[in-house]
Each structure stands twice: as structure tokens, then as C-alpha cells.
1. Among the candidates VAL323, VAL353, VAL284, which residue alone is of a type in the set (Val, Ile, Thr), under 24 Å from GLY239 (Cβ atoms) and free of Cβ contacts under 8 Å to residues at least 60 places away in the same chain?
2. Here is a list of conditions, (1) closer than 30 Å to PHE78 by Cα; (2) surrounded by fewer than 22 Cβ atoms within 10 Å (Cβ to Cβ), and VAL272 meets all of them except one; can you say which number that is?
3. Tell me the helices (runs of 4 or more DSSP H) entirely within the stretch 60-145 that contain at least 2 residues that are over 19 Å from VAL179 (Cβ atoms), outside the structural domain of VAL353 (by TED's automatic domain parsing) and touching a residue at least 24 places away in the same chain (Cβ under 8 Å).
4. Can you tell me which of GLY223, GLY215, GLY162 is out of contact with any Cys (no Cβ under 6 Å at 6 or more places or on another chain), more than 23 Å from GLU99 (Cα to Cα) and in a loop (DSSP other than H, G, I, E, B)?
5. Checking ARG408 against (1) within 28 Å of GLY333 (Cα to Cα); (2) in the same structural domain as GLY286 (by TED's automatic domain parsing), only one condition comes out false. Which one?
6. Would you mind stating whether GLU301 is in contact (Cβ under 8 Å) with a residue 40 or more places away in the chain and in the same structural domain as PRO250 (by TED's automatic domain parsing)?
7. Failed condition for GLU26, given (1) charged (D, E, K, R); (2) at pLDDT 95 or above; (3) closer than 29 Å to THR198 by Cα, with all others met?
8. Can you find a residue that is closer than 15 Å to ILE379 by Cα, surrounded by fewer than 19 Cβ atoms within 10 Å (Cβ to Cβ) and among the polar types (S, T, N, Q) anywhere in the stretch 293-300?
Amino acid sequence: MAAERLKPNRRSLMQGALVALCAGGEAAGGPTSPAAIPSAAPISRSERLERVAKAQKLMQEAGVGALLIEPGSTMIYFSGVNWGRSERPTVLLLPAEGELAFVTPAFEESRLAELVQVPAQIRTWQEHEDPFVVLGGWMDDLQPSGGKIAVEDTVRFFVSAGLAQTRPSVRLVSGAGVVNACRMIKSPAEIALMQQATDIMIAAYRSVGAQIAEGMTSGDITGLMQTTLRNLGAESSAGDAMVGEGSSYPHGGRPEAVRRGSVVLMDFGCTVQGYYADVSRTMVFGDADARQRQIWNHVREGQEIAFEAARVGATAGSVDEAVRSYYEKLGYGPGYATPGLTHRTGHGIGLDVHEPVNFVRGERTPLAPGMCFSNEPGIYTPGRYGVRIEDCLHITERGPVWFSTPPRSIEQPFG
């Protein structure tokens, strides 16, 4: 009976929220028009050529003849080509010298030629032919130094195995060193696109946060957030709202409806021209009790400790260690034990929402200008609730810089 009575109430709440969203006025809690958010310039052809040149220099130093790449963020990074994966392989060879080289099905040649943003050659194979014979022939033309071909980490097994079978003399090695050395350091143009995506995120949170009402479910809030992000100009969006007990698990649990005193944890990301923003906010519907307020303040302080630790030359792992030391002094943990921080303090971010390297214990990579990270040292009590505040930052010579300003209090969780 209670569930039946709730349905009309939820429907009217959602209809009202969507009316406010479509109206785009201040009643929705903030701007809902893409025009209200400054646009960043796309990645230029010259920047992509600089990326290729850097990768080639690294390969020459390592004695590698070419880098093998499948569709995905690394293909986008070097060539601008956003392509899907299928059983018909389209691959990119980034040679240590010369132009990029694509191998693709013959019927895809014209489409691929329209998408590529840097000089590149294209070789094709027909449906009855073996694509790895074509790929191997191109490698023969490259005459790779030492017979070594670097393979980007996400290349599927059947692709690397097909190449190894047709060219057993080729030595396949990991391409992670080359790719990460290029992609971990973001350019000003990349940071500007991530800033635009973050501005969209913050506008969406302010809009949706003002519309959360008693009776809404986690699914209702998620749907409203995704609609708002699209209306604000995000290319894609992902994430979830977690209510009550569901917030005690970092990626959510069973769905619940909002009631007075509920913790609502919202974790969403979106992209602009492929570049990610990743922001989380935690609120209490109604008045927070003393313990909720205390944990929220502890998490917010944990964020600041991580921020202050993220200095040029410090190891990425030391950021995580600084937060855990603070939390353990407060009685959380130890380590990943609950109540406490059950996951890493943060992750790299860029064309992928999760990129190397991470703010995680034992990570010895030194921080350098241009690196970008999430900062999200949540505290979780399984079966009760969790609190996570997540904002991203980028490293500069002067210290870390926020993409979004963290909220000041649990009473104003969206700033």
C-alpha cells in the first residue's frame, strides 16, 4: 500500500523537476544552457603532430620500430580518429619514423580517411583476406629496429596473436611506457577541455541538487542528472546517485527512496570532446545529524590533506599515505578496513576517466606539471552510509590547482 501511494507522488515530483529543467530558469538551481558555460578550443592538428613526434622520440630511444594501437582513447589521442572495435580489426601503426599507418577493411577506407586529423597512410584488406598478412607486410616495410613492436595495453589478444603468427620474428613488447609518458602530461588545451567538462558538472549538480525531493529514488536522481548534463552540452555522461545504505558502498547498493535524514551520494562524470570530468557530492536531505556532519568534515579535511600533499616531485603514493595517516589518527581503518577509506585516494584522468597513475599506496611515480587526478578520499560504514567528496586537480610548478572548488559545508554541498 505504501508503495502504491508513493508512485503518484514520485511521478509529480519528477514531472515538476523536468518542467523546471526544461524552463532553464533559476528555479532549477543554476544554468541549464550550454551557452552559459565557456567553450574550449578543440585539440589542434599541430598538437597531435607534437604528440606523434614525442612518441617517436621515445620509441627511437627504446629501440622500438612501431607502436601498435587499436581503436580507443590512445588512437584518438594521436590521430583524432574515434573508431569502434569489432571482429574486423582496424589498427594504427605509429612508426618510429614517418607517417602514421592504418590497416582497415577496404569498405571503411573512405570513412577513415575523413576522420584522421594528421598525415597517415591507409592500407586495406578485403573480407576474404587475412588482415594480419597486410599488417605484417607493412611491418616488413618499416624494418623495425631490433624487430621490436610495442603494443598498447588495451590491444585485444587476437590482434597481437594474429600478428605474432604471421610475423614470428617480430618481438612484441609493452607500449605502456611510451603511451603513458605522452598521455600523463596534459597540455593547456587538454586542461581547458577538462575545465569545460567540470564546469558542466558543477552546473548540473547545482541544478539537480535544488530539485531533490522526498520520495525520489536513486534512479530518479540519476536520470535527472544525466538529462541535465546532456542539456548543458556534455557529449556523454555516466554515474549513479546512491541513497541511504546504498551510499555505504563506493559504487552503490540497492536503490532507496529519499527520506528525511537520508545521505545522498552523487557520483557522475561527463565528457567534452572526449575529455572527462569526474565529480562527487554528498548531501543529507533535511538536517544532518552530528555524526553525518562529523564524517563529512573529516572527508573534506582528507581532501585538503591530499591536495596539499600533491606537490611536484612527491610520489603519487605519498598522497594516499598522507590521507590514510590522518584517517587512522581519527580511528578509521586501519588501511582499507571499515569504517574508513576502502579505495585509493584518487586516479589519473583525461581521455579515460581512469588513467595511470593513481594516488595509491606504493605508487612511486613522481608528480610532474600537467598530471591530472581525482581527489576522493571517501569514508564508508557498510550497512549505514558513506560520504565521498570528489574534485579533480592538475599539477603545476606552483602546486596543485582545482578544476572545481570543493564545497565548504554539508549544509551547502553544491557550493
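1. Details: VAL353 fails: free of Cβ contacts under 8 Å to residues at least 60 places away in the same chain; VAL284 fails: free of Cβ contacts under 8 Å to residues at least 60 places away in the same chain.
Result: VAL323 is the single residue among VAL323, VAL353, VAL284 that is of a type in the set (Val, Ile, Thr), under 24 Å from GLY239 (Cβ atoms) and free of Cβ contacts under 8 Å to residues at least 60 places away in the same chain.
2. It is condition (2) that VAL272 fails.
3. 109-115, 131-142
4. Within the list GLY223, GLY215, GLY162, the selection yields GLY215.
5. Of (1) within 28 Å of GLY333 (Cα to Cα); (2) in the same structural domain as GLY286 (by TED's automatic domain parsing), only one is false for ARG408: (2).
6. Criteria not met by GLU301.
7. (2)
8. Within the stretch 293-300, one or more residues are closer than 15 Å to ILE379 by Cα, surrounded by fewer than 19 Cβ atoms within 10 Å (Cβ to Cβ) and among the polar types (S, T, N, Q).
The values are calculated or read from the model by the stated rules, or taken from the named source; none is laboratory data. This is a predicted model, so every value here is computed, not measured. Methodologically, a virtual Cβ is constructed for each residue, glycine included, from the backbone with ideal geometry; neighbour enumeration extends over all protein chains shown.
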